[in-house]
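Student: Below are the structure tokens for one structure; questions will follow.
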Amino acid sequence: MFPPLKSKKALFSVAIIIIIALNLYTLSVAYPTMNHTLNLGGADLPRDFSVYYVAAWRMFHDPSQIFNTQILNNGEPVIYPPITPYKYTPSFLVLISPLLTLNYYQAFWVFDAIQFIMLPLMAFLLFKLLGNKHPVVALLVLVAVLVLPYPMAGRGLSVSYFMSWAEGQAKILLSFLLLLSFYFGYKGKAVLSGIAFGLGAFDPRFALLALPLFLFYSRSKFKPAIVAMIATFATFNAMALYPGVAQGFIGMLLTAGGTTPFYTPSWIPLVMIVCLVAVNAKSIVNEIRQRVYYAQRNGHSER
């Protein structure tokens, strides 16, 4: 028997407050690294956010060089250490472009602050998506996704979240947009689901991994969801039509992008996707069987 709805909401409200507090602790451990060059293991490392910031500047001033890792003598921000390859689609640069009104460190702090604010919103979305699951299962998913426990000395309770905060990684934003897409699909709001997924598809690897869940949650109206997703993705990536941008993106995929491992911040959306697939596995299998059955029956009826 599940607890009464009011008791369940109260239980999860307390759990979410504790979970966010635990992540705040990890953020507090990462904060001292956020006021200067990132130095881990005795080496100065380029932050992921420095890559985003420079690439966003280039989008407005020299788009053909978005995927170039060289320091350009064109007035762009020069951030030490030199940047690594930019590995997302141009749509991500459109999303973060307002941050260019701030200097680099201000933009970095604001980006992390916005992503931290997304955590309780992600908790709400997960709570809604897991509302019909056993409370223990739902709680375990919340802890796995929003805390991702992997303590290490000097890195808080979660290496994944510590590195996300310290590097200004975008995997929390990515996870939020994918969750938002699943939630809108679950609620039958196909167009909004497609828009959210199209915005969250800036990392092609996770777009592919999350596509089955997108189709599953939008199954009642998946055609308008797909149309909205394609339209959004195409619109926000229109920059790819500029000479040199598409070539740079493809070149990145064939070199650095194709060999990028799943670093610890990538575990956040990966664990989220795996958990949601696992808790919905039976329903997903039944949905596939029904689709195959109707397809076969329609095929026989047309003969």
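Please treat every number below as a calculation from the coordinates, not as lab data. Here the structure is a predicted model, which is why all the values come from computation and not from measurement. FYI the Cβ positions are ideal-geometry reconstructions off the backbone, even for glycines, and counts take in every protein chain you see.
Student: Over the Cα atoms of the chain, what radius of gyration and what Dmax do you get, in Å?
Tutor: Taking only Cα atoms of the chain, I get Rg and Dmax of 20.7, 70 Å.
Student: Please list, ordered by chain and number, the residues whose modelled amide H lies under 5 Å from the amide H of LEU40; skip anything fewer than 5 residues away on the same chain.
Tutor: Result for LEU40 returns LEU45.
Student: If you don't mind, there's one more thing I want to ask. On a 0 to 90 degree scale, rounded to 10, what angle separates helix 267-279 from the longest Cα axis of the chain?
Tutor: 0
Student: What whole-number distance in Å separates the alpha-carbon centres of the stretch 25-74 and the stretch 99-160?
Tutor: 21
Student: Hey, in the GNM for the chain with a 10 angstrom Cα cutoff, which one of LEU254, LEU199, LEU146 fluctuates hardest?
Tutor: Top of the fluctuation ranking is LEU254.
Student: Would you pull out the residues with amide H under 5 Å of TYR150's amide H, same chain only if 5 or more places away, H placed 1.01 Å from N?
Tutor: The answer is SER158, VAL159.
Student: Which order do peptides 129-136, 227-234, 155-162 fall in by mean Cβ count within 10 Å, highest first?
Tutor: Highest-to-lowest ranking by the protection proxy: 155-162, 227-234, 129-136.
Student: Mind checking the angle between helix 222-236 and the chain's longest principal axis? C-alpha axes, 0 to 90 degrees, to the nearest 10.
Tutor: Once rounded, one gets 10 degrees.
Student: Measure nothing but the geometry: give the 0 to 90° angle between the long axis through the Cα atoms of 48-61 and the longest principal axis through the Cα atoms of the chain, rounded to 10°.
Tutor: Once rounded, the angle reads 80 degrees.
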